[in-house]
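Structure first, commentary second.
The values are calculated or read from the model by the stated rules, or taken from the named source; none is laboratory data. None of the values given here were measured: they were computed from a predicted structure. Reconstructed Cβ throughout: ideal geometry from the backbone, glycine too, with neighbour counts over all protein chains shown.
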Amino acid sequence: MSELLIEYDKFIHAEMMVHPALFTHPGAKKIAIFDSNNDSILNEVLKHPFITNVWQLSPKTGETIHSEDPRFHLQSGDPIEWLGHIEPGSIDIIISNDRPTTMFSDTFYENSLRALTHNGIFIRQCESQFNPLRLKASYQTMKKAGFSDLQILHFTLPGSPTGCGAAILALKNSSFKRIREKDIYNKSFSTRYYNFDVHKAALALPEFIREDLHEVSS
(Lines give C-alpha, C1' and ligand atoms only; values in the text may rest on other atoms or scores of the structure.)
Protein backbone atom coordinates (compact mmCIF):
# COMPACT_ATOMS: atom_id res chain seq x y z
CA MET A 1 0.00 0.00 0.00
CA SER A 2 1.36 3.46 -0.88
CA GLU A 3 2.17 6.01 1.82
CA LEU A 4 -0.61 8.23 0.46
CA LEU A 5 -3.23 5.51 0.87
CA ILE A 6 -1.99 4.78 4.39
CA GLU A 7 -2.37 8.47 5.26
CA TYR A 8 -5.89 8.61 3.83
CA ASP A 9 -6.89 5.42 5.62
CA LYS A 10 -5.60 6.68 8.96
CA PHE A 11 -7.41 10.01 9.15
CA ILE A 12 -10.63 8.88 7.44
CA HIS A 13 -10.99 5.87 9.70
CA ALA A 14 -10.18 7.83 12.87
CA GLU A 15 -12.59 10.66 12.09
CA MET A 16 -15.44 8.29 11.22
CA MET A 17 -14.93 6.22 14.35
CA VAL A 18 -15.20 9.33 16.52
CA HIS A 19 -17.20 12.28 15.23
CA PRO A 20 -20.44 10.55 14.14
CA ALA A 21 -20.82 9.12 17.65
CA LEU A 22 -19.88 12.32 19.48
CA PHE A 23 -22.16 14.48 17.34
CA THR A 24 -25.01 12.00 17.76
CA HIS A 25 -24.78 11.88 21.56
CA PRO A 26 -26.52 14.87 23.21
CA GLY A 27 -23.53 15.75 25.38
CA ALA A 28 -20.82 13.12 25.82
CA LYS A 29 -18.14 13.81 28.44
CA LYS A 30 -16.59 10.44 29.28
CA ILE A 31 -15.18 8.20 26.55
CA ALA A 32 -13.57 4.76 26.58
CA ILE A 33 -11.44 3.68 23.60
CA PHE A 34 -10.35 0.13 22.88
CA ASP A 35 -7.45 0.54 20.47
CA SER A 36 -3.99 -0.96 20.87
CA ASN A 37 -2.66 0.26 17.52
CA ASN A 38 -2.17 4.03 17.64
CA ASP A 39 -3.38 7.35 19.01
CA SER A 40 -5.23 8.64 15.95
CA ILE A 41 -8.69 7.95 17.41
CA LEU A 42 -7.64 9.41 20.76
CA ASN A 43 -6.49 12.62 19.08
CA GLU A 44 -9.85 13.04 17.35
CA VAL A 45 -11.73 12.52 20.62
CA LEU A 46 -9.59 15.10 22.41
CA LYS A 47 -10.55 17.74 19.83
CA HIS A 48 -13.97 17.96 21.48
CA PRO A 49 -13.70 20.63 24.20
CA PHE A 50 -16.51 19.30 26.42
CA ILE A 51 -14.90 15.89 26.93
CA THR A 52 -13.73 15.54 30.53
CA ASN A 53 -12.15 12.05 30.60
CA VAL A 54 -10.83 9.63 27.98
CA TRP A 55 -9.61 6.15 28.86
CA GLN A 56 -7.68 4.25 26.21
CA LEU A 57 -7.63 0.53 26.92
CA SER A 58 -5.09 -1.86 25.49
CA PRO A 59 -4.54 -5.56 26.25
CA LYS A 60 -0.80 -4.96 25.89
CA THR A 61 1.60 -3.49 28.45
CA GLY A 62 4.32 -0.97 27.71
CA GLU A 63 2.33 0.92 25.09
CA THR A 64 3.88 4.06 23.64
CA ILE A 65 0.57 5.92 23.26
CA HIS A 66 1.00 9.20 25.04
CA SER A 67 -0.74 12.53 25.42
CA GLU A 68 -0.06 15.55 27.61
CA ASP A 69 -3.77 16.26 27.76
CA PRO A 70 -4.87 15.89 31.42
CA ARG A 71 -8.14 14.28 30.29
CA PHE A 72 -6.28 11.25 28.93
CA HIS A 73 -5.79 8.03 30.93
CA LEU A 74 -3.92 5.04 29.47
CA GLN A 75 -4.99 1.66 30.83
CA SER A 76 -3.50 -1.77 30.16
CA GLY A 77 -5.35 -5.02 30.61
CA ASP A 78 -8.38 -6.88 29.41
CA PRO A 79 -11.18 -4.55 28.20
CA ILE A 80 -13.90 -6.97 29.33
CA GLU A 81 -12.55 -7.02 32.90
CA TRP A 82 -12.13 -3.24 32.94
CA LEU A 83 -15.72 -2.74 31.82
CA GLY A 84 -16.90 -5.18 34.46
CA HIS A 85 -15.21 -3.32 37.30
CA ILE A 86 -15.99 0.31 36.57
CA GLU A 87 -19.04 2.03 38.01
CA PRO A 88 -22.23 1.17 36.10
CA GLY A 89 -23.59 3.98 33.95
CA SER A 90 -20.33 5.92 33.99
CA ILE A 91 -19.28 5.99 30.29
CA ASP A 92 -21.04 8.04 27.62
CA ILE A 93 -19.41 6.50 24.55
CA ILE A 94 -17.40 3.31 23.99
CA ILE A 95 -15.29 3.21 20.83
CA SER A 96 -14.06 -0.26 19.91
CA ASN A 97 -11.35 -0.28 17.26
CA ASP A 98 -9.78 -3.63 18.21
CA ARG A 99 -10.76 -7.11 17.10
CA PRO A 100 -9.20 -9.54 19.60
CA THR A 101 -10.86 -12.94 19.73
CA THR A 102 -12.16 -12.38 23.26
CA MET A 103 -14.08 -9.26 22.31
CA PHE A 104 -17.58 -9.07 20.84
CA SER A 105 -18.59 -11.97 23.09
CA ASP A 106 -21.82 -11.95 25.09
CA THR A 107 -19.90 -10.88 28.19
CA PHE A 108 -18.22 -8.02 26.37
CA TYR A 109 -21.55 -6.62 25.21
CA GLU A 110 -23.17 -7.18 28.61
CA ASN A 111 -20.36 -5.29 30.33
CA SER A 112 -20.51 -2.52 27.72
CA LEU A 113 -24.24 -2.02 28.24
CA ARG A 114 -23.73 -1.99 32.00
CA ALA A 115 -20.96 0.63 31.74
CA LEU A 116 -22.85 3.00 29.43
CA THR A 117 -24.97 5.89 30.67
CA HIS A 118 -28.68 5.98 29.83
CA ASN A 119 -27.99 7.83 26.55
CA GLY A 120 -24.80 5.86 25.97
CA ILE A 121 -23.50 4.97 22.52
CA PHE A 122 -21.31 2.03 21.52
CA ILE A 123 -19.44 2.15 18.21
CA ARG A 124 -17.34 -0.66 16.74
CA GLN A 125 -15.56 -1.09 13.47
CA CYS A 126 -17.07 -3.84 11.36
CA GLU A 127 -17.14 -5.44 7.95
CA SER A 128 -17.99 -3.30 4.93
CA GLN A 129 -21.19 -3.51 2.91
CA PHE A 130 -19.31 -5.67 0.39
CA ASN A 131 -19.04 -8.41 2.99
CA PRO A 132 -22.79 -8.51 3.71
CA LEU A 133 -22.95 -11.85 5.49
CA ARG A 134 -20.44 -10.84 8.16
CA LEU A 135 -21.94 -7.35 8.41
CA LYS A 136 -25.39 -8.83 8.95
CA ALA A 137 -24.00 -11.26 11.55
CA SER A 138 -22.36 -8.41 13.50
CA TYR A 139 -25.57 -6.37 13.37
CA GLN A 140 -27.63 -9.34 14.50
CA THR A 141 -25.28 -10.13 17.41
CA MET A 142 -25.45 -6.55 18.69
CA LYS A 143 -29.22 -6.45 18.31
CA LYS A 144 -29.57 -9.64 20.34
CA ALA A 145 -27.16 -8.29 22.97
CA GLY A 146 -29.77 -5.74 23.97
CA PHE A 147 -28.88 -2.50 22.22
CA SER A 148 -32.01 -0.48 21.57
CA ASP A 149 -31.24 0.95 18.12
CA LEU A 150 -28.44 0.49 15.61
CA GLN A 151 -27.05 2.45 12.67
CA ILE A 152 -24.49 1.35 10.09
CA LEU A 153 -21.94 3.88 8.83
CA HIS A 154 -20.05 3.22 5.64
CA PHE A 155 -17.30 5.40 4.26
CA THR A 156 -14.42 5.50 1.80
CA LEU A 157 -11.30 3.64 2.90
CA PRO A 158 -9.04 3.44 -0.17
CA GLY A 159 -6.45 1.06 1.26
CA SER A 160 -8.91 -1.64 2.34
CA PRO A 161 -9.59 -4.67 0.11
CA THR A 162 -13.10 -3.39 -0.74
CA GLY A 163 -12.23 0.31 -0.77
CA CYS A 164 -14.77 0.87 2.02
CA GLY A 165 -14.79 0.98 5.78
CA ALA A 166 -17.76 0.53 8.09
CA ALA A 167 -18.83 0.87 11.69
CA ILE A 168 -21.93 0.09 13.72
CA LEU A 169 -23.36 2.69 16.09
CA ALA A 170 -25.55 1.27 18.85
CA LEU A 171 -27.72 3.03 21.42
CA LYS A 172 -28.21 1.64 24.90
CA ASN A 173 -31.74 3.05 25.15
CA SER A 174 -34.38 4.73 22.98
CA SER A 175 -33.82 5.36 19.26
CA PHE A 176 -31.54 7.57 17.21
CA LYS A 177 -32.60 11.17 16.87
CA ARG A 178 -31.41 13.93 14.57
CA ILE A 179 -27.65 14.53 14.71
CA ARG A 180 -26.44 17.86 16.10
CA GLU A 181 -26.16 19.66 12.77
CA LYS A 182 -25.49 23.15 14.15
CA ASP A 183 -22.72 21.86 16.41
CA ILE A 184 -21.05 20.16 13.45
CA TYR A 185 -21.09 23.37 11.41
CA ASN A 186 -19.86 25.41 14.39
CA LYS A 187 -17.24 22.95 15.66
CA SER A 188 -14.11 24.59 17.06
CA PHE A 189 -11.70 22.24 15.30
CA SER A 190 -10.91 21.18 11.74
CA THR A 191 -11.43 17.81 10.08
CA ARG A 192 -10.09 16.52 6.79
CA TYR A 193 -12.92 14.11 5.88
CA TYR A 194 -15.83 14.38 8.29
CA ASN A 195 -18.59 16.97 7.92
CA PHE A 196 -22.39 17.05 8.15
CA ASP A 197 -22.92 15.88 4.57
CA VAL A 198 -20.42 13.03 4.97
CA HIS A 199 -22.21 11.96 8.16
CA LYS A 200 -25.59 11.90 6.43
CA ALA A 201 -24.18 10.10 3.39
CA ALA A 202 -22.54 7.47 5.59
CA LEU A 203 -25.98 6.45 6.85
CA ALA A 204 -27.35 5.79 3.34
CA LEU A 205 -27.43 2.03 2.71
CA PRO A 206 -27.74 0.02 -0.51
CA GLU A 207 -31.06 -1.74 -0.93
CA PHE A 208 -29.65 -5.24 -0.46
CA ILE A 209 -28.24 -4.23 2.95
CA ARG A 210 -31.57 -2.69 3.95
CA GLU A 211 -33.36 -5.90 3.04
CA ASP A 212 -30.91 -7.98 5.08
CA LEU A 213 -31.23 -5.73 8.12
CA HIS A 214 -35.00 -5.67 7.84
CA GLU A 215 -34.92 -9.46 8.25
CA VAL A 216 -32.88 -9.07 11.42
CA SER A 217 -35.13 -6.36 12.89
CA SER A 218 -38.46 -8.00 12.05
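List of remarks:
- Qualifying residue in region 111-133 (condition: free of Cβ contacts under 8 Å to residues at least 12 places away in the same chain and touching an Asp or Glu at 6+ places or on another chain (Cβ under 9 Å)): yes
- Residue within region 193-214 that is modelled with pLDDT of 95 or more and closer than 18 Å to S96 by Cβ present: yes
- Number of residues in region 161-178 that are over 22 Å from L135 (Cβ atoms) and in contact with a helix residue (DSSP H, G or I) (Cβ under 7 Å, 6 or more places away or on another chain) equals 0.
- Hits in region 164-185 (condition: surrounded by fewer than 18 Cβ atoms within 10 Å (Cβ to Cβ) and touching a strand residue (DSSP E or B) at 6+ places or on another chain (Cβ under 8 Å)): C164, N173, S174, S175, F176
- Every listed requirement among (1) out of contact with any Phe, Trp or Tyr (no Cβ under 7 Å at 6 or more places or on another chain); (2) surrounded by 16 or more Cβ atoms within 10 Å (Cβ to Cβ); (3) of a type outside the set (A, V, I, L, M, F, W, C) is met by N97 save one, (1).
- Condition met for S105 (hydroxyl-bearing (S, T, Y), loosely packed, with under 15 Cβ neighbours inside 10 Å and farther than 16 Å from K172 by Cα): yes
- On the stretch given as region 125-156, residues that are crowded, with 17+ Cβ neighbours inside 10 Å, part of a loop (DSSP other than H, G, I, E, B) and at pLDDT 90 or above total 1.
- Residue, surrounded by the fewest Cβ atoms within 10 Å (Cβ to Cβ), within region 186-203, restricted to residues that are in contact (Cβ under 8 Å) with a residue 24 or more places away in the chain and among the small types (G, A, S): S188
- Selection within region 103-126 - among the polar types (S, T, N, Q) and more than 17 Å from D78 (Cβ to Cβ): T117, N119, Q125
- Some residue of region 163-172 being under 24 Å from D9 (Cβ atoms) and modelled with pLDDT under 90: yes
- Some residue of region 36-56 being closer than 25 Å to Q151 by Cα, hydroxyl-bearing (S, T, Y), surrounded by fewer than 21 Cβ atoms within 10 Å (Cβ to Cβ) and over 16 Å from the mean Cα position of the chain (by Cα): no
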